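The values are calculated or read from the model by the stated rules, or taken from the named source; none is laboratory data. Keep in mind that what you see is a predicted model, and the values were worked out from it rather than measured. Because the Cβ atoms are built from the backbone with ideal geometry, glycine has one as well, and the counts that use them run over all protein chains shown.
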Amino acid sequence: MKKIIFLFASLIAFGSAKAQLAAGQGSHSIQLTIPSVALVKVSGGNPSFAFGTPGTAGLNLADVTSTGTSLQYTSIATGTTVRTIYVTATSTGAALTGGLNLSVLSAATPAVNGTTSNGNLGQAAVVPSYITKSAAAAVARAQTGVAIVAGDNQKLITGITSGYTGVNAGDGPVLTYTASVGGVAGATLPAVVAADYEKIRSGVYSFTVFYTLADNL
């Protein structure tokens, strides 16, 4: 009986000693860098649209629109930074100095689906951003390389932090361009004054429109 008790006590002591052994452990540090990303492109080709001839003598040219292009972008913001997509432009033709209004409006940013798009894609402005404005609207046209002009509403999409739109056809907010001589559909602009309207000349005019994804200015 004494042998059995002694053996049992020995087994308990051995088990306790084994449980108290320190485990071997090693470690090293891993450094991961996430870059700041600000990429934007226009998808869907180059719009080409034209004013039609009025159906009746005495009428002004009717507003014309073009839609189908969209913005696709990827943003990885830094810290608490909030970003905006700004629109500016360069253009050709003296007719752009008066009489003509050309604007772009972004559709509401689409809901993300967590796979081909995700994150915070911002909010589209509810009023047009002007590529050029007639002098009657009291604002000079936007030009790349100059300061953002508040009156031109060059902030197309605001409140962007980190997100991506996707790259498939139709991904990203759709853009609608509107050209007008005498006003912009849906806006409360004054009629173009005679001194500006009379500068309009027939012809084909080109615009290069720039979309810039950047930290809030």
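Among the residues of segment 1-47 satisfying the criterion of being modelled with pLDDT of 55 or more and of a type in the set (S, T, Y), which is farthest from L156 (Cα to Cα)?
My answer is S16.
Among N60, N101, which is in contact with a strand residue (DSSP E or B) (Cβ under 9 Å, 6 or more places away or on another chain) and surrounded by 16 or more Cβ atoms within 10 Å (Cβ to Cβ)?
Of N60, N101, the one residue that is in contact with a strand residue (DSSP E or B) (Cβ under 9 Å, 6 or more places away or on another chain) and surrounded by 16 or more Cβ atoms within 10 Å (Cβ to Cβ) is N101.
Which of the residues spanning segment 49-67 are modelled with pLDDT of 90 or more and closer than 15 Å to Y177 by Cβ?
F49, A50, F51, V64, T65, S66, T67 - these are the residues of segment 49-67 that are modelled with pLDDT of 90 or more and closer than 15 Å to Y177 by Cβ.
Yes or no: segment 75-83 includes at least one residue that is at pLDDT 90 or above, of a type in the set (K, R), touching an Asp or Glu at 6+ places or on another chain (Cβ under 9 Å) and farther than 20 Å from G45 by Cα.
Yes, because at least one residue in segment 75-83 is at pLDDT 90 or above, of a type in the set (K, R), touching an Asp or Glu at 6+ places or on another chain (Cβ under 9 Å) and farther than 20 Å from G45 by Cα.
Write out, first by first residue and then by second, each pair whose Cβ atoms fall under 7 Å of each other, whose residues are 6+ apart or on separate chains, and whose first residue, in segment 193-217, is touching a residue at least 24 places away in the same chain (Cβ under 8 Å) while the second is of a type in the set (K, R).
Note: pairs meeting the criteria are L213/R83; A214/R83; D215/R83; N216/R83.
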